[in-house]
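Q: My questions will all concern the structure given below.
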Amino acid sequence: MMQPEKTVIGKISYTNSWPVFHYFEPEHLGFDAEMVSEVPAVLNRGMAEGSIHVGALSSFAYAAASDRLLLLPDLSVSADGPVQSILLFSRQPLSEVKNGKIALTNTSATSVNLLRILLEKALGGKPEYVTMDPDLDLMMAQADACLLIGDSAIKASWRPGDYFVTDLGALWKEWTGLGMTFAVWAVNRDAARERPEEIAAIAAALRESKRRGRSELAPIIQEARLMHGGSPAYWEHYFRNLCYDFGERQQEGLKLYFRYAYDMGLLPQEVNMELWSHNLLTRVKE
C-alpha cells in the first residue's frame, strides 16, 4: 500500500488520555501532519495496517499487532492501583458473582480481558459473559454484574445506588503487586523506518505535551467538567492518580498481563515488546 504524503497521528478520544494530547499541536511540527480522533477500533486497525503512522491505542490492540508496531517510550495511560474508570458493578460481592452472568462493555478489549484474567485466573471463577452497549441499567437488568470503562464508568460511579463497585486496577494491584497499563503509544514499523525524523519530532512533542499536561491541568479539568460534569476536585484527583509514563515498572505490569492473556488463550501469540528509539530498537528487559 502506498504511503500517504501526510504523517497521520492517531488520537484516542477518551478523557484519560487528554493530558498527553491537550498541548500537542501537529501544525507546529514543521512538516505535513494530520491528527485523527477516532474510536479505538478504527485507530487500532489503522495502526496495524499503516494508514495511521503513530499514535495511541489500547494495550490489547498493541499486543495483537505487536509484530507490526514499536512502542514509544515514556508514554502510556497506567495506574498503580485504583484507576477509577474501569469498574465492575455487582449486586453481590465479587466472591458471589464470579460464577454468575457478567455483562461486558463492547468498547474495550483491554479491560474485558483484564476482567477475565482476574475472575478466572485470580479468583477461580467460571462466569458466563454477554457483550452489551455500555448502559448500567440495561446491563444490570440482564446480568449479575457489569463492566463499564472510561467516561461511562465515571458517570455510573457518581450515581447513588446499592451496587458493589470493584475497581479493576485496584484488584490487579492487590493480586499481582504491580500496576496496569491500559493504553500505549506506538509507531508502525514501516513508518519508523521510512519517516525517522518525523517520528522523532512527534515523539518529542508528545512528551512535551505530557509534561505540560501534568503541570498545567486547569484547562483540561475545565474541559472535562464541561463535557461530563463532576467537580474540579474529582477531576484533579482523577488525572493526578493516573500515570502517563512507561518506565520499567509499567512495562513489568504490562508484560505480566500479556503473559496471562496468552496463557488463557486470549492472545494467539506471545508478545515481545520492543521500544522505538531514534537510532535503534530496544527489547524490553525480560
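A short reminder: the numbers here are calculations on the coordinates, not readings from a lab. This structure is a prediction, so every number in the text was calculated from the model and none was measured. Quick reminder, even Gly has a Cβ in these numbers, built from the backbone with ideal geometry, and neighbours come from all protein chains shown.
Q: Which aspartates and glutamates have a Cα lying under 19 Å from the Cα of K98, excluding residues fewer than 8 positions away in the same chain?
A: Answer for K98, where 19 Å is the Cα cut-off: E120, E128, D144, D162, D167, E174, listed by chain and number.
Q: Then there is this: Calculate the length of the line joining the C-alpha centroid of segment 166-236 to that of segment 35-88, in whole Å.
A: After rounding, the separation between the Cα centres reads 11 Å.
Q: Right, here's the next one. Using the structure shown, list the pairs from K6/K255; K121/K155; K121/K210; K11/K173; K155/K210; K11/K210 with a Cα-Cα distance above 23 Å, or answer none.
A: Going by Cα-Cα distance, K6/K255; K121/K155; K121/K210; K11/K173; K155/K210 fall outside the 23 Å limit.
Q: In addition: Can you give the relative contact order of the chain as a percent, counting alpha carbon pairs under 8 Å and 6+ residues apart? Mind dumping the intermediate values first?
A: Values: 532 pairs, mean separation 80.9, N = 286.
It comes to 28 percent, rounded to a whole number.
Q: Run through segment 1-64 and list the GluC sites (Glu not before Pro) located in a DSSP loop whose Cβ has at most 14 other Cβ atoms within 10 Å.
A: E5
Q: Would you please calculate the Kirkwood hydrodynamic radius of segment 86-176 over all C-alpha pairs and express it in Å, rounded to one decimal?
A: Evaluated on segment 86-176, it is 12.8 Å.
Q: When the helices in the chain are scored as -39500 (n - 2.57) per DSSP H run of 4 or longer and the sum is shared across all residues, what 222 nm value do you end up with, to the nearest 500 deg cm²/dmol?
A: -12000 deg cm²/dmol
Q: Percent antiparallel among DSSP beta bridges with both residues in the chain, to the nearest 5?
A: 60 percent
Q: With unit charges on the beta carbons (Lys and Arg positive, Asp and Glu negative) and the dipole taken about the Cα centre of segment 80-237, which residue among I199, L87, S157 sits farthest to the positive side?
A: I199
Q: Which of D67, D162, D263 ends up with the largest GNM mean-square fluctuation for the chain, with Cα atoms connected below 10 Å?
A: D162
Q: So what is the relative contact order of segment 86-176, in percent, for Cα pairs below 8 Å that sit 6 or more residues apart? Spell out each step's value before the answer.
A: On the way: 150 pairs, mean separation 42.4, N = 91.
Here the relative contact order equals 47 percent.
Q: Next up: Which of the chymotrypsin sites (Phe, Trp or Tyr not before Pro) found in segment 15-104 are loop residues per DSSP with 13 or fewer other Cβ atoms within 10 Å of their Cβ?
A: Taking segment 15-104 and a limit of 13 other Cβ atoms within 10 Å, the loop chymotrypsin sites (Phe, Trp or Tyr not before Pro) found are F31.
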